[in-house]
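Working notes for the structure below.
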Ligand SMILES: [Zn+2]
Ligand SMILES: [Zn+2]
């Protein structure tokens, strides 16, 4: 690091492009969402797991797929220091890390299935645009060691319930199967053959994908590719008996709990590791249809990353997108139990004492100092306080303080004593 940057005239530091600060008002909304997430995960028996935000780069090359956009274009890598010659990468997604932890700690020895959820920052080098950041946050779940379609349906249901509980009700669930090692190679062969016939009209991206990751051509949004995609061989014509039966069982489970879905034969996922059922959940909360959740089954990844053969199912959800979709659905109001209003001087000392009593009794409270009472009350309102405790110079002299209920404007006063304050707190019913 050089000092040069500090010597630039008019130097001022801004957050790096594609990152954002979550200021207190926003953080409040995040916490509101996180509380619902924790409650829903607990109900479904998913346990939280926290993995490092950087891993060996090889993990993602192997785990996510060398030819995915995520690894080929968007991954942030950096070298180790000193004797550490390994290349590291900021995690672009979390599934690979969770699988690594599952294998490293031999969690496959624990009773199956093992169900995890995680939430945290991920990093991808992308052109920043609305809802797309270089540091973004993802919530995700992974269920290991169950090949039962019940686990697929349970995880999909959990995503639907979570979004509904957050206030998003107009949801569309799209479902497909990308096939398994028994049936996908034949499909892939047919698809590549077809794409080769059409290659004069393919967009530049699809021309590359044709050779590296041909299934991704199916979700190309380029207008020129649309007619080609529409006439491409369909995956479901190639499903083996197992793939068909598994998907049908998932559908049956979803029917049994009234989760509506539609089959989308063009639905594929951006990452290489999926096998079998894949799904997406979109919401129209942002006007246009907007995919919030995506995931599916990945029965090969654990073995690819050095573990025993272990079936798995998971999904991920972009938190920034979710919060955009929730804008308006919930307000995330500021709230405070008490604002202790004091004048400068001795009154402040008593105010400090009172606010500490309140805090030790488990109530959130704040001292606000000033000379003008109308300004002090305005400040209390801005803090969203339920009660204003008035402790000015006059109150200090008489050893009493006033209490104003800011929601119904009722007033009373009490002697300045710890016991009295505790007794008053006990009498408050939190409606
Ligand atoms: Zn199959
Ligand atoms: Zn294309």
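The values are calculated or read from the model by the stated rules, or taken from the named source; none is laboratory data. A quick note: this is a predicted structure, and the numbers were derived from the prediction, not measured. Neighbour counts run over all protein chains shown; Cβ positions are idealised from the backbone, glycine included.
Numbers at a glance
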| read-out | value |
| --- | --- |
| Selection from the range 268-281 of residues that are modelled with pLDDT under 95 and within 22 Å of the chain's Cα centre (by Cα) | 268, 269, 270, 271, 272, 273, 274 |
| The range 328-359 - residue that is under 24 Å from residue 28 (Cβ atoms) and surrounded by fewer than 12 Cβ atoms within 10 Å (Cβ to Cβ) and, of those, modelled with the lowest pLDDT | 331 |
| Test: residue in the range 201-213 that is crowded, with 17+ Cβ neighbours inside 10 Å, away from ligand 2 (no atom under 16 Å from the Cβ) and either over 25 Å from the mean Cα position of the chain (by Cα) or not in a helix (DSSP H, G or I) (or both) | no |
| Tally, over the range 257-266, of residues that are at pLDDT below 90 and more than 16 Å from ligand 2 (Cβ to nearest atom) | 1 |
| Residue list for the range 216-242, restricted to those being in a helix (DSSP H, G or I), touching a helix residue (DSSP H, G or I) at 6+ places or on another chain (Cβ under 9 Å) and under 17 Å from residue 263 (Cα atoms) | 218, 219, 229, 235, 236, 237 |
| Residue among 191, 195 that alone is within 16 Å of ligand 2 (Cβ to nearest atom), crowded, with 20+ Cβ neighbours inside 10 Å, in a helix (DSSP H, G or I) and touching a residue at least 40 places away in the same chain (Cβ under 8 Å) | 191 |
| The range 78-119: number of residues that are outside any loop (DSSP other than H, G, I, E, B), farther than 25 Å from residue 40 by Cα and more than 23 Å from the chain's Cα centre (by Cα) | 7 |
| Residue ID - surrounded by the fewest Cβ atoms within 10 Å (Cβ to Cβ), chosen from residues in the range 264-283 that are out of contact with any helix residue (DSSP H, G or I) (no Cβ under 8 Å at 6 or more places or on another chain) and over 26 Å from residue 66 (Cα atoms) | 264 |
| Residue tally, condition in contact with a helix residue (DSSP H, G or I) (Cβ under 6 Å, 6 or more places away or on another chain) and surrounded by fewer than 21 Cβ atoms within 10 Å (Cβ to Cβ), over the range 247-256 | 2 |
| Top-ranked residue of the range 210-223 - restricted to ones that are more than 16 Å from ligand 1 (Cβ to nearest atom) and in contact (Cβ under 8 Å) with a residue 24 or more places away in the chain, ranked as farthest from residue 239 (Cα to Cα) | 212 |
